[in-house]
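After the C-alpha cells below, expect a handful of questions from me.
Where a number appears in this text, it was derived from the coordinates with a stated rule and is not lab data. Since we're looking at a predicted model, the values are computed, not measured.
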Amino acid sequence: MIPQAIIAEKALNSKATPYIIGGGVLLTIGVGVFAYYQYRSFYCKLPWASCNDKKIRDVMKYKGFNPDYASAFRTTITIARAKELALKIKNAGGYINDTEGDFYSVLEEAGSADNLSLISRMFTAKKFGSLADHITNYLDDKEELKRVQDILESY
C-alpha cells in the first residue's frame, strides 16, 4: 500500500477524527461571527450587504460625522467640551451592557452638525476611531437607530 493511503486509512478509522472535524467547524463559525461583529461597519459599506443596512449607511453618511465638516464660526461648543463628549460616547459602549442614554444625550447636546463634527474630530484625534462606526456598532437595533436618526434630523 502507498504510505499516503495508509495515513488516510488510519485517520478515517481514528476515534479522534470526528472531534477534530467538529472542533474545526466550530472554530470556523466562531471566527466568522467574531469577524462579522468586529468589522460590521466595513461590511455594511459593501453594496451587497444586508445588515440593518439602509439605516446604518444613512447614519454613517450624515455630514456631522465627518470630522472635517465643522466650521469654527458655526460651532457653539468649546474644544474642551467636545473632548468630554467624545470620551463620554466612547465609554457608553460596552461589550455586555451599553449605556444608550449616553449616546443619545451626547447627540442631543451636540445640537448641530457642526458641533457633532467637532465631537467626531475629537473622537478621532483621541484614536478612538470613527464616531459613526462606534455608534452604529453599539446601536444596531432598529429602534435605537431610528432614535439616532430622529435626533440627527432635528438639527
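What is the spread of the Cα atoms of the stretch 52-153 along each of their three principal axes, largest first, in whole Å?
Projected onto its principal axes, the Cα set of the stretch 52-153 covers 35, 25, 20 Å.
Can you give the Rg and Dmax of the stretch 96-140 based on its C-alpha atoms, in angstrom?
My reading of the Cα-based Rg and Dmax gives 10.6, 32 Å.
May I pose another question? Could you tell me the ratio Rg/Rh of the stretch 66-106? Both radii from Cα atoms, Rh via Kirkwood. Walk me through the numbers before you get to the answer.
Details: Rg = 12.4 Å, Rh = 11.6 Å.
Result: Rg/Rh = 1.07.
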